[in-house]
Amino acid sequence: MSNKRLRDEEVPGLFRDGMTIGIGGWGSRRKPMALVRALIRSGVRGLTIVSFGGADVGMLCATGQAARVMHGFVSLDTIAIEPHFAAARVAGTIRNTDLDEAMLVSGLRAAAHRLPFEVTRAGLGSDAVLRNPDIKMIRSPYADGEELVAMPAIELDVALIHVDRADERGNGQVLGDDLFFDDYFAAAADVTIMSAESVVPSLSAEPLQSLVIPRLNVSHIVEAEQGAAPTACLPSYPRDEAFQKMYAASVGDWEAFASRYANVSHEEFRRAYAAFGEAS
């Protein structure tokens, strides 16, 4: 496919009930929020969400679409506990799978390499392993005989990621100082949907090493300026602390928040977001 562009309104049709969906970014940094809103608009349910989580996980808990969350953490960074995720855990509406961050990376990397598991020392002796019957141990076949964690592959039906720039063929460019693990999310998925602040005919190789998402691992591209807002997308914009505080307070009145900022198109969000910025 030479041109992988999709319009925002076409994205909800790509989702199905019961999917395992990986969401890139890290906490409240470079989260693909325009794509998360498309997932909310789809109305699909029974989802397993895999994430180094932030408001992406919280919103999908608040809508009741997340049935299980696999995570290394779920935090808004400057607000330590993601309130909607915490509320879902207390209410028992989700199955929660805590993993060491390195275990989550190992699981994604095993799926990306099309292997059943990856051997790691991450999580050894911790409850993340001892209390999770899905994770097995394996003994080294060599002279050391060390017992290690056999982290199972985390295979994704769909991955959602956000980058600064993309070309129409599906190459992605991150201009910030951290890719997080978006490349593994993309490689571990059957379908990867990548939003970008801008889509250009051809990407520049500057700055060096910034062409980091290969088109081989990208199925669809959506142009979405401010597509990560209110999370940070450096160097384009920082995390919006005022909006994040308002979002955290919405745990008591989710429907009012969702009707304005979550269950809406990207353009509707941008208009409401601009109005919030002018008023605050």
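Numbers below:
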item: Test: residue in the range 196-203 that is touching a residue at least 12 places away in the same chain (Cβ under 8 Å), small (Gly, Ala, Ser) and in a strand (DSSP E or B); result: yes
item: Matching residues in the range 244-279 - criterion: being under 19 Å from residue 61 (Cα atoms) and of a type in the set (A, V, I, L, M, F, W, C); result: 246, 248, 249, 251, 254, 256, 257, 258, 262, 264
item: Every residue from the range 132-149 that is within 17 Å of residue 102 (Cα to Cα) and either part of a loop (DSSP other than H, G, I, E, B) or over 32 Å from the mean Cα position of the chain (by Cα) (or both); result: 132, 134, 135
item: Yes/no for residue 59 being assigned to a strand (DSSP E or B) and in contact (Cβ under 8 Å) with a residue 60 or more places away in the chain; result: no
item: Cβ-Cβ under 9 Å pairs, at least 6 apart or on other chains, the range 25-42 side of a type in the set (Ser, Thr, Tyr) and open to solvent by 10 Å² or more (accessible area, probe 1.4 Å), far side at pLDDT 95 or above and not in a helix (DSSP H, G or I); result: 42/15; 42/16; 42/65
item: Enumeration of residues in the range 150-192 that are of a type in the set (D, E, K, R) and either open to solvent by less than 10 Å² (accessible area, probe 1.4 Å) or not in a helix (DSSP H, G or I) (or both); result: 155, 157, 164, 165, 167, 168, 169, 177, 178, 182, 190
item: Some residue of the range 77-87 being crowded, with 19+ Cβ neighbours inside 10 Å, touching an Asp or Glu at 6+ places or on another chain (Cβ under 8 Å) and among the aromatic types (Phe, Trp, Tyr); result: no
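The values are calculated or read from the model by the stated rules, or taken from the named source; none is laboratory data. Here the structure is a predicted model, which is why all the values come from computation and not from measurement. With ideal geometry, Cβ positions are generated from the backbone for all residues, glycine too; neighbour counts draw on all protein chains shown. Accessible surface areas use protein heavy atoms only, side chains included; no ligands, DNA or RNA. Shrake-Rupley method; radii C 1.70, N 1.55, O 1.52, S 1.80 Å.
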